1. Among A:Q178, A:L462, B:V104, flag the residue with its Cα farthest along the positive direction of the charge dipole of the protein assembly as shown, charges on Cβ as +1 for Lys/Arg and -1 for Asp/Glu.
2. Taking Cα centroids, how far is the range A:22-53 from the range A:174-226 in Å?
3. When N is the residue count of the range B:6-230, what does its C-alpha Rg come to as a fraction of 2.2 N^0.38 Å?
4. Compute the length gained on full extension between B:R129 and B:A33: take 0.36 nm times their separation in residues and subtract their Cα-Cα distance, giving the result in nm to one decimal.
5. Which order do peptides A:111-123, A:350-362, B:134-146, A:299-311 fall in by mean Cβ count within 10 Å, highest first?
6. Tell me the mean residue ellipticity at 222 nm calculated for chain A from its helices only (DSSP H runs of n ≥ 4, each -39500 (n - 2.57), averaged over every residue, nearest 500).
7. I'd like the FRET efficiency for A:R64 and A:M427, computed as 1/(1 + (r/R0)^6) with the beta carbon distance as r and R0 of 56 Å, rounded to 0.05.
8. Sort B:M207, A:M38 by heavy-atom solvent-accessible area, probe 1.4 angstrom, most to least.
Amino acid sequence: MYKLLLCLRYLRRQRLAYLAAAGVALCVFMMLVAVSVMNGFLHKVEKAAKGLHGDIIIEPNGLRGLKFYDKLAERVVAEVDAVQHASPFILSYGILRVPGQDHYRQTVQIAGIRLPDRAKVSNFEQGLFVQRDWPEPTFSPPHKDMQKRAAEHRELVTAIIEREKAGRNFADLPADKQTLVDRLETARSFLLKGWANLENADTNAKLLAELEAQLAAADAEGRDSPYLEARIQELEMRTVEPWPNHVILGLGMEGMGFRTDQGETVRVLGPGNKVTLYVFPLGRHTLTDMSPNIQRFTIVDDCSTDVYSFDSQTVYVPFDALQRLNNMGPVPRADGTVAPALCSMVHVKVDEAFADWRAVRAVRDEVRRVVADFYEPAQAKNINVLTWREKQDKLVSSIESQRMLVMIMFGILSLVSVLLVFVIFYMVVAQKTRDIGVLKSLGASGNGVAAIFLAFGAVIGLVGAIVGAIGGCLFIHNINAVHDALYNWLGFRVWSRESFFFDRIPNEIDVSVVSLVVGGAIVAAVVGALAPAIRAARMEPVEALRYE
Amino acid sequence: MSKPAIQTHELHKSYRLGKTTLQVLRGVSFRVAAGEFVAIVGASGSGKSTLLHLVGLLDRPDKGRVVLDGVKTDKLSAGRRNRLRCEDVGFVFQFYHLLGELKVMENVLLPAQVDTSILAWPKRRTERRARAAEILDGLGLGERLRHRPSELSGGERQRVAIARALMNQPKILLADEPTGNLDSKTGSQIMDVLKRFHTDAGQTIVMVTHDVALAESADRVLHLRDGQLTDA
Ligand SMILES: Nc1ncnc2c1ncn2[C@@H]1O[C@H](COP(=O)(O)OP(=O)(O)OP(=O)(O)O)[C@@H](O)[C@H]1O
Ligand SMILES: [Mg+2]
């Protein structure tokens, strides 16, 4: 009985105990935040990598292209039970320009995908702007939906402009605000143009057709008509491109959008605006003709996978459009046969039940078998079948080793908490030496005395861990708000999205991580208290009583 | 004829101090009958506390044996010695040795709590508290139950220590210079308290002191000199 009483009393009267609990709390807090953020980070990369490539990738060595892809996809789906869906994909590189903005050029990764198939292979639709969460997103959403979003976004931009100006004239604003308002105004005018392009799509198309007919007629008569040509050129900047020249931009591409201090995403180009892609064909080309294929596209949507480094460099176009731009379409041969069309790779979506990476590896082996069976041996040996994890190995393993490093670092810090508890308990035991002697003179056993200090340690661990866990969870939950506040206060971003891939700091809380850390802290506190407790138990009562 | 409360046989105790050994007790034999009040006097450093600790099972002799109420304690396990110390022996120290974190009442209850498991405690609680309150009341501390030791005077603290020592109704009360830290008036009050327990309740008491005058109030005075106990 005395054990409980003394344990409680020591807790209440020992200031040092609070210090130990605070130390434990701090360690739990840091450990939780570090592990949660790193885990969330990995999760996001995993999600994004799967989003881009699906669970399993079938791709040939080099960039030579994969033929009979549709048949192969069919076979894989039919023969491997765990496979839900497979679809061809083209990945190439090019330069993006904006008509009328001569200074703008941006190298991009161009993904040729099929919609709505794509939504079956990844969760592509979740990050869309116009077609968010539509079960069957396409490259030709109805104009009215695109216009609605464009108009809404324009209103948002207008509201931000009002807020930033706060009733002042442009000339009276500080320089940085002027720059911002300038950018916002540019965005607003582009968004309006995009909206108008969609609104006037039919009339513009008709007018263009008429003008082109007139030009053709003029050409036929041998007349020069520079005025007509200029009008056509001007009109072409405003028409809506016909299928398949529709593009979905990655959100966050340099110059295509930016974020305000308050965290709003501002799109400069939106639905209805036009861009030009310069593609250096991956497919067949002659040595004499190395020039890029050039094509204008109308923006129909934009997409965020949450991985900044993907989004800021990737645009999505219809598979057929990109196949053509890469000269990968079917080509008639001289002997009358047709060289088959090519794609870069086939993405395979695995059933959720097999999503675990070990299960995915087993499925990969089955897919490998199908691929080996499908192609001639000479071709098959040049085709790789990889899991998403293998494909993204460099990125994922570098993050994993970072996580390891962070965990080791914080593990060492947690040793400090054990040490802290140890030192504090050593002091408490030294302080309480006389009490220990008295207790023993009253007949208390060594184990009983040790139990007091162990329980004391456990309670401190528990209290510290709970306080730390609550604090940690609150912090992680609000980490982005805290980060924004820090940014406003310090003026720089601790978490810059350029170096960490993500816009927002991951803020998932994993219950198993929390319970592990809390449990660990309690064990650590008890371990820290163990040696002093044993010392107390071993103490000779006479020695303890002599202690003054 | 009842068994003697305490009987010691040829107790030897020495301390090693670097290379030399300090022979503190060199064959101490004495007996204390149940209900007797014995005072042990001796110069400072003569080994009085050492002897008392051996008798109270706080320490083990190098040689010799302590028999308490007929029980030979040298062969007992540590657990049995703890029990015996808890139930049959009460200690009063010169420096009171109260626990500062606990209130007066709790200090006095401590031996009862050491003796009782946490499961049995709720049942015995009321009765034990009543006994503690009664002893404290008898010592004139009825109003101070909720105070902390630091709020009491030296004499009051020593009375609390006596109450604690008597809580489990021990067969033997061992007092190590109980008045050594008090002025003569308070000291004699404490002596009166001890004598009262001796005469009224027949409490067996062994008291250690270097004050020969104080020892006079005991039934019998023993002298510790050169590691030996003598009657006069
Ligand atoms: N643990 C120990 N180690 C070394 N020497 C000790 C130890 N305990 C006691 N002594 C020595 O043994 C001798 C007897 O000590 P003890 O405390 O029994 O004397 P005492 O008669 O009670 O003295 P006092 O009247 O001052 O309390 C002293 O010289 C002391 O220094
Ligand atoms: Mg002494």
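The values are calculated or read from the model by the stated rules, or taken from the named source; none is laboratory data. This structure is a prediction, so every number in the text was calculated from the model and none was measured. Every residue, glycine among them, receives a Cβ derived from its backbone with ideal geometry; neighbour counts consider all protein chains shown. With ligands, DNA and RNA removed, areas are computed over all heavy atoms of the protein, side chains included. Shrake-Rupley method; radii C 1.70, N 1.55, O 1.52, S 1.80 Å.
1. About the Cα centre, the residue reaching furthest to the positive side is B:V104.
2. One Cα centre to the other: 47 Å.
3. Relative to the rule-of-thumb radius for its length, the range B:6-230 sits at 1.02.
4. Going from the current span to full extension adds 31.5 nm.
5. A:299-311, A:111-123, B:134-146, A:350-362
6. Rounded to the nearest 500, it is -19000 deg cm²/dmol.
7. Calculated value: 0.20.
8. Per-residue accessible area, sorted high to low, gives A:M38, B:M207.
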